[in-house]
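The values are calculated or read from the model by the stated rules, or taken from the named source; none is laboratory data. Every value quoted in this text rests on a predicted model; they were computed, and no experiment measured them. Every residue, glycine as well, gets a Cβ built from its backbone with ideal geometry; the counts of neighbours run over all protein chains shown.
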Amino acid sequence: MEQHAIGLVDDHFAVSLGITALLEETDDLRLVATGRNVPELLEQNQRLDLVLLDLSLADRSMPEDNAKALAEVGIPSLAFTSGENAYLIRSAAKGGVRGIARKSHTPEELIARIRSCLRDDADALSNEWAAAVDSDPGLDAVGLSERQREVLELFACGESAKRVATQTGLSITTVNDYLLRIRAKYAQQGRAAHTKVDLYKRAVEDGVLPPPARE
């Protein structure tokens with residue numbers, strides 16, 4: 001049976017140990033290289049058939065950039081994540097990763113996902129990944145216009161309505177009208193957006209803003 005060389009980019013030592021042990025139980029998969037980031041992995045000059053790519057790394061690199069860096073040397077990647085984060089998932093989608101695997105998957109599910117990605121089997125991708133790939137990454141989950149997204153991004157980051165108006169060239173009245181419409185759209189989905197903190201949370205959830213940087 002053909003044996004596939006797997007790489008792992010993850011900055012948690014326990015994850016590396018777990019993946020090593022898991023793949024050693026298979027006949028066709030072996031973890032042959034690990035790195036805390038993509039440059040560290042590539043420095044090893046290993047022939048790799050697939051890389052498990054953590055989406056939230058200590059170096060704060062973006063999944064899109066990491067996936068593209070791997071693709072440039074002919075290595076496909078599988079997003080490997082423990083969190084629910086639309087922003088990072090969409091970034092990974094832009095980078096061209098083949099699929100997504102959750103760290104909460106059972107060993108059987110993870111191995112199946114790896115094998116599907118090695119076959120480039122699109123039908124085996126999870127619903128969450130299909131949704132991220134099929135959706136327009138320039139739009140959030142509640143269907144805001146480009147201008148509404150711009151207002152939400154600035155306001156949720158802490159700017160006042162007056163400052164948002166200055167930066168966008170809109171009137172304060174128009175900015176406040178956009179904010180009312182944005183809140184109404186979230187309310188229709190049953191997602192609280194009454195306060196600026198609420199709007200920040202919704203913006204992060206929908207990929208309008210990046211998540212807080214990990215310490």
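Odds and ends about this structure:
- Residues that are assigned to a helix (DSSP H, G or I) and surrounded by 19 or more Cβ atoms within 10 Å (Cβ to Cβ) were ranked within region 38-63; the one that is modelled with the lowest pLDDT is P63.
- So A132, is it within 30 Å of G99 (Cβ to Cβ), modelled with pLDDT under 85 and touching a strand residue (DSSP E or B) at 6+ places or on another chain (Cβ under 8 Å): yes
- Some residue of region 84-101 being over 25 Å from P210 (Cα atoms) and aliphatic (A, V, I, L, M): no
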